[in-house]
Amino acid sequence: MSSQTASRNKLRLNKVNILVIDDDKAIANLIRNVLKNLGFGGIFVAHDAEEGIKIVEKSPIDLIITDWEMEPINGIELTKRVRALDNIKRFTPIIMLTGHGEKSEIEMARDCGITEYLIKPFTAKSLCSRISTVVEMPRSFVVSKAYKGPSRRRRVENFGGEERRKRRATQK
């Protein structure tokens, strides 16, 4: 990548506002420093979900990175509250950064509206990868009585759409 391309990318990232919510101040500062080194401009940090929700309501946030285990409100409840907002902010991508790695926990996070999931310990590269996925491969947003959040379908090629119907027709 040329230095000119890198400069343009850094200028674009400089306009992205990210909210980091983690009750562990050392982890929150580590994430903030990684984001700062990547070139992100507006980095907001909250140390509990209530503070995070206030920032979301008052500031133009483009991405939320949250921990699961926080008191008194955890990251799952925070996500539900953001998804329940009656404005455009409910569409904000949310990356869950947590120590919870069981399949049932990942499914619970997905089902409450988490956009991406990253298990601790994490690397700057893995965090950057999740952010890139959110930016480069955005998923449509679903609003129904039972669910508000990003489409749970990740791989369009697995669904197949028209190609799948053509394959079925030729198999008959």
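Sort TYR117, TYR147 so the one with the fewest other Cβ atoms within 10 Å of its own Cβ comes first.
On the way: TYR117 19, TYR147 15.
If I rank by nearby Cβ atoms, fewest first, I get TYR147, TYR117.
Could you compute the FRET efficiency for GLU50 and SER132, with r as their C-beta to C-beta distance and R0 at 25 Å, rounded to 0.05? Working shown, then result.
On the way: r = 30 Å, r/R0 = 1.19.
Efficiency for this residue pair is about 0.25.
Sort 137-146, 43-52, 124-133 for me by packing, meaning the mean count of neighbouring Cβ atoms within 10 Å per residue, highest on top.
43-52, 124-133, 137-146
Could you put MET96, MET70, MET108 in order, starting from the residue whose Cβ has the fewest other Cβ atoms within 10 Å? The partial results should precede the final answer.
Values: MET96 27, MET70 22, MET108 14.
Listing MET96, MET70, MET108 from fewest to most nearby Cβ atoms yields MET108, MET70, MET96.
Past the 18 Å Cα-Cα mark, which pairs from LYS25/LYS120; LYS25/LYS89; LYS89/LYS148; LYS80/LYS103?
LYS25/LYS89; LYS80/LYS103
Hey, fewest Cβ within 10 Å first, where do ARG152, ARG81 land in order?
ARG152, ARG81
With a ≥ b ≥ c taken as the square roots of the eigenvalues of the C-alpha gyration tensor of segment 61-156, please select rounded if a/c is under 1.5 and otherwise prolate if a/b is larger than b/c or oblate if it is not?
Rounded.
What are the aspartates and glutamates whose alpha-carbon lies under 17 Å from the alpha-carbon of LYS145, with same-chain residues fewer than 8 places away excluded?
ASP86, ASP111
Could you go through segment 102-116 in sequence order and give the Karplus-derived ³J(HN,Hα) for each residue, using 6.51 cos²θ - 1.76 cosθ + 1.60 with θ = phi - 60°, rounded to whole Hz, and x for Gly and Pro?
6, 3, 4, 6, 5, 5, 4, 4, 4, 6, 8, x, 5, 7, 9
Every read-out reported here was derived from the displayed coordinates using simple, explicitly stated rules and does not represent laboratory data. It should be emphasised that the depicted structure is a prediction, and the values quoted were computed from it without experimental measurement. As a convention, Cβ positions derive from the backbone with ideal geometry for all residues, glycine included, and neighbour counts pool all protein chains shown.
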